[in-house]
Amino acid sequence: MRTQQPAPPEQAGVRVAAFYRFAALAQLEGLRAALLELAAAQAVRGTILLAPEGVNGTIAGPDAGVEAVLARLRRVGGLERLEAKVSRAERQAFHRLKVRIKREIVTLGQADVVPYLGSAVGTHVPPKQWDALIADPNTLVIDTRNAYEVAIGTFAGAIDPGTESFREFPEWVEQTLRPLVAERQPRALALFCTGGIRCEKATAYLQQQGFAGVHHLQGGILRYLEEIPAERSSWRGECFVFDQRVAVNHQLEPGEHSLCHACGLPLSPADRQLASYEEGVSCRHCLARFSDGDRARFRERQRQVERARQRGESHIGA
């Protein structure tokens, strides 16, 4: 009689899983309810977005709990091949669990873009082939993330569209990229983002607009950092992530950046040394953005955060 092997012990800390997949989904209310119930039972927190075009999320919790949520998603038609970029954090990376139904899982504002049709998106480029593609002088490398993300890390030589939201990408394409392509006549456009979702949808938009030779980094920056050794990497800086770690380094460990809890933008160690920085109250990004009354409210919130910290508790505003 075969002896059943015990399950491997849970690792220290929590598992963080970032995932997305474009697929034609229906019956979203039922799926939302099932995910909320399961995740709560498994002590999993984070954010999951559901839309007719697919799923997008980042969750954190015990190893078994995170895997249970991913397994439930993979039972949905169209999500069977859902992949996740997994890393670890010392403590829970989210305050709560949110499962939301949206029009789009990443907002481009172009209703006729259908990235779940495989023929609609650009060529997937595995991380091991990415450096060769972007090193080619006939390739235009485009960072599809927001400007504040680009500022703390990007690939060498990448173009920063300077957008504040992904919804601005189509306007940048018409005003800047189309004339640039006409001038340089590149053989390839190489797009990338954090986990792959924005650049994949952006390639669908570009192809729909008549651009050729469109490629995107499969699995995004997080998969690249996971697979490519730092000594051979074209990546420079840290990668912004949408959880309490703020940014991760090349080893996918929490980096040196923190968030300004007044404006929500990332701060480097040098930013925190400036006179404009007051923890929880102001930084170089927002010193002129808020009134004295606003900052008074922020200081009171920060005092509550400090009192909670002294008690060994987590404050929701921290």
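Just so it is clear, none of the values below were taken in a lab; they were calculated from the coordinates. Predicted, not measured: the structure shown is a model, and the values here were computed from it. With ideal geometry, Cβ positions are generated from the backbone for all residues, glycine too; neighbour counts draw on all protein chains shown.
Inside the stretch 140-152, residues that are in contact with a Leu (Cβ under 6 Å, 6 or more places away or on another chain) and farther than 11 Å from residue 193 by Cα make up a count of 2. Within the stretch 183-210, the set of residues being assigned to a loop (DSSP other than H, G, I, E, B) and within 21 Å of residue 132 (Cβ to Cβ) comprises 185, 186, 187, 193, 196. Determine, yes or no, whether residue 81 is free of Cβ contacts under 8 Å to residues at least 60 places away in the same chain and either within 23 Å of residue 31 (Cα to Cα) or out of contact with any Leu (no Cβ under 8 Å at 6 or more places or on another chain) (or both). No, not satisfied. Of the candidates 113, 173, 214, 125, the single residue that is in contact (Cβ under 8 Å) with a residue 12 or more places away in the chain, under 20 Å from the mean Cα position of the chain (by Cα) and over 25 Å from residue 263 (Cβ atoms) is 125. Out of 113, 141, 121, one residue alone is under 18 Å from residue 204 (Cα atoms), touching a Gly at 6+ places or on another chain (Cβ under 7 Å) and surrounded by 20 or more Cβ atoms within 10 Å (Cβ to Cβ). It is 141. For beta carbons closer than 8 Å, sequence separation of 6+ or different chains, a first residue in the stretch 26-45 that is in contact (Cβ under 8 Å) with a residue 40 or more places away in the chain and a second that is of a type in the set (Lys, Arg) and surrounded by 12 or more Cβ atoms within 10 Å (Cβ to Cβ), the qualifying pairs are 32/100; 35/72; 39/45.
Taken over the stretch 52-87, the criterion of being over 27 Å from residue 201 (Cα atoms) and surrounded by 16 or more Cβ atoms within 10 Å (Cβ to Cβ) is satisfied by 61, 62, 63, 65, 68.
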